[in-house]
Amino acid sequence: MKKYTDTGKKDTRSGFGDGLTELGKKNKDVVALCADLTGSLKMDEFKENHPERFFQVGIAEANMIGMAAGMTIGGKIPFTGTFANFSTGRVYDQIRQSVAYSGKNVKICASHAGLTLGEDGATHQILEDIGLMKMLPGMTVINTCDYNQTKAATIAIADFEGPVYLRFGRPKVANFTPADQNFQIGKAVQLQEGTDVTIVATGHLVWEALEAAKTLNENGVTADVINIHTIKPLDAEAIIKSVKKTGCVVTAEEHNFLGGLGESVARLLSTQHPAPQEFIATQDTFGESGTPEQLMDKYGLNAAAIVNAVTKVTARK
Amino acid sequence: MADYKALEDLVIQVRRDILRQVHKVNSGHPGGSLGCAEFFVALYNELMERNDDFTMDGKNEDLFFLSNGHISPVFYSVLARSGYFPVEELNTFRLLNSRLQGHPTTHEGLPGIRIASGSLGQGISASIGAALTKKLNKDTHLVYTLCGDGELQEGQNWEAIMYAAGNKVDNLIVSVDLNGQQIDGSTDHVLPMGNVKAKFEAFGWDVMDIEKGNDLKAIISGMKKAKEKTGNGKPVCVLLHTVMGNGVDFMMHTHAWHGKAPNDQQLEDALSQNPVTLGDY
Ligand SMILES: Cc1ncc(C[n+]2csc(CCOP(=O)(O)OP(=O)(O)O)c2C)c(N)n1
Ligand SMILES: [Mg+2]
């Protein structure tokens, strides 16, 4: 088994902030917009370095998305920053018409996604955003797993032409992917090799999948662990190749099972290589207040839950 | 005539409740909550006509909607101390499996709450809906709403503000917590809103100021005047000039405590400025 070391817990939103800072220095066309959450999104440094390229729009997300769409006309690359809920559900039609349908090069950067937002509770914990965004034609959907990957993804999407939804989180989590990684949009990252089951995970669940694989290994079960940072376009080749070998799959995400990564994988497999699948995801419910760990435990989004799902799915082969 | 001593005591106890709730879970929003303590105490004790039993429909009583849901600590404290649920339940604020969610919600069935809020800018619309239903039901009671000043930057408010005036929703009193602060700084710094009073007036509202928004007497007399303005074909807006973090010296006049909990030492300091009156939960 490959070994992965947590080099020290860091929040993925800081990866976004640091990536944006770097982009600010190397790409003059990058502009940033924020809706009264500059500190939470870690956009302070970009703002200080480039006040003329930073736009504080106030608590007005719909206007922010519309402005960002307009700023692409003439060649700017706008990065918008607010919580995931206010980045998607709040402004869905603005994104749909002004960004996606109009084919604008806007990078919608969304922090505090999912349950791990914690104590603020369900009004702020969106578990539907991946679904909302992946349903939009032409939208690229990325959900990164740690600080390093979020930083790399932030930098990479500036060079990609087209609308992108970049989803990340609030809490400090294990930082284990390489600092110098070459982030390739749409390319799955194989983290472990195994033969008994494929675990396809995204976001905060990737580390949990690695932890689960360790436990499974101790029990003689070997898993392919695939980090799907890009949910759309999905790396069909990597997933099918793995499932052809293992014969079953567990998907894991901090999102509702309706509309998430799991459904994308199920659609792919059902048309190309049907196989038993189990879903680690929330079960069509809203979240609630609590600490991130308590919530991930209560809603079954952790390594232990993945291990159980593997037991179930391998029995169904 | 209101018993001001009793109300003042209640305000101090509410401040303690706010501080202790956010301190315990190291999260939540003390600044805006403290700034609105007097308003909530006046509203629930002197202004609203309320039935004893909570029902979702709230027929034949006044209704209140909190649009700026992040100031839930003050809302929960005043609801509990008005008998909607046990005061001890304040101990569960923001904990797993609690009815006292980070932002107010109907989802867990907490008495006193009629709609979820937290995502800003939606409360005036809901209040207009409830006010229209009161009219359809021939219920002459009023609908009260509180929203933040930064919150008014959300466009939906202005859709609602336009609707209410254009359609003579005159059984509605919207108070604005005009503390001049939001998350990233002062409202003037984040997004200058110009003359809020003139804006409401231009949209056709009857607007009045309560300059001393942290003074019980001023709030009660001001809100009574606002009440008299209802029923005259215009919705009523009250600009409540408050101080964010009011009652705790180091939290006042700054956005720094918008969404930050005090540490142990700061809590002790803050509580010593507000000694127990009615008893802690
Ligand atoms: C739609 C939406 N956008 C952003 C936020 C994040 N947010 C919570 S409170 C707040 C500032 C609100 O300012 P104001 O209404 O003046 O309240 P105060 O800070 O005075 O309590 C923001 C931006 C939110 N809750 N909802
Ligand atoms: Mg304010």
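The values are calculated or read from the model by the stated rules, or taken from the named source; none is laboratory data. Note that the structure is a prediction, hence the values are computed from the model and not measured. Quick reminder, even Gly has a Cβ in these numbers, built from the backbone with ideal geometry, and neighbours come from all protein chains shown. Keep in mind that these areas ignore ligands, DNA and RNA; they rest on the heavy atoms of the full protein, side chains included. Shrake-Rupley method; radii C 1.70, N 1.55, O 1.52, S 1.80 Å.
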State which residue pairs qualify: first residue away from chain B (no Cβ under 14 Å) and open to solvent by less than 10 Å² (accessible area, probe 1.4 Å) and inside the stretch A:118-145, second residue of a type in the set (Gly, Ala, Ser) and assigned to a strand (DSSP E or B) in any location, beta carbons under 8 Å apart, and separation of 6 or more residues or different chains.
-> A:CYS145/A:ALA201
Give the stretch B:223-281 a look and list any residue that's within 16 Å of ligand 2 (Cβ to nearest atom), open to solvent by 70 Å² or more (accessible area, probe 1.4 Å) and either touching a Cys at 6+ places or on another chain (Cβ under 6 Å) or more than 14 Å from every other protein chain (Cβ to nearest Cβ) (or both), or say none.
-> B:HIS253
Of the conditions (1) more than 14 Å from chain B (Cβ to nearest Cβ); (2) under 23 Å from A:LEU117 (Cβ atoms), A:THR311 clears all except one; give me its number.
-> (2)
Of all residues in the stretch A:2-40, which are away from every other protein chain (no Cβ under 14 Å) and assigned to a loop (DSSP other than H, G, I, E, B)?
-> A:LYS2, A:LYS3, A:TYR4, A:THR5, A:ASP6, A:THR7, A:GLY8, A:LYS9, A:ASN27, A:LYS28, A:ASP29
Just a yes or no: is a residue in the stretch B:110-126 in a loop (DSSP other than H, G, I, E, B) and of a type in the set (Ser, Thr, Tyr)?
-> yes
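With respect to B:GLN182, determine if the residue is within 14 Å of another protein chain (Cβ to nearest Cβ) and within 25 Å of B:GLY112 (Cα to Cα). Break it down stepwise before answering.
Working: within 14 Å of another protein chain (Cβ to nearest Cβ): yes; within 25 Å of B:GLY112 (Cα to Cα): no.
No.
Looking at the stretch B:206-217, can you tell me whether even one residue there is within 13 Å of ligand 2 (Cβ to nearest atom) and within 14 Å of chain A (Cβ to nearest Cβ)? Before the answer, list the steps.
Our first condition is that a residue be within 13 Å of ligand 2 (Cβ to nearest atom); within the stretch B:206-217, this holds for B:213.
Pick out the ones that are also within 14 Å of chain A (Cβ to nearest Cβ) and you get none.
Within the stretch B:206-217, none of the residues are within 13 Å of ligand 2 (Cβ to nearest atom) and within 14 Å of chain A (Cβ to nearest Cβ).
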Output for the stretch A:266-310, where each listed residue is in contact with a Ser or Thr (Cβ under 6 Å, 6 or more places away or on another chain) and over 24 Å from B:GLN21 (Cβ atoms) = A:PHE279, A:TYR299, A:VAL307
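Tell me, which residue of the stretch A:41-54 that is in a loop (DSSP other than H, G, I, E, B) and open to solvent by less than 30 Å² (accessible area, probe 1.4 Å) is farthest from the other protein chains (Cβ to nearest Cβ)?
Taking the stretch A:41-54 first, the residues in a loop (DSSP other than H, G, I, E, B) are A:41-43, A:50.
Subsequent filtering for residues that are open to solvent by less than 30 Å² (accessible area, probe 1.4 Å) retains A:41, A:43, A:50.
Numbers: A:LEU41: 10, A:MET43: 10, A:HIS50: 17 Å.
Across the stretch A:41-54, the extreme among qualifying residues is A:HIS50.
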The lone exception for B:GLU159 - which of (1) under 24 Å from B:GLY31 (Cβ atoms); (2) within 14 Å of another protein chain (Cβ to nearest Cβ) it fails | (1)
B:ASP62, sole failed condition from (1) of a type in the set (D, E, K, R); (2) away from every other protein chain (no Cβ under 13 Å); (3) open to solvent by 40 Å² or more (accessible area, probe 1.4 Å) | (3)
Failed condition for A:ILE65, given (1) away from every other protein chain (no Cβ under 13 Å); (2) closer than 19 Å to A:ILE157 by Cα = (1)
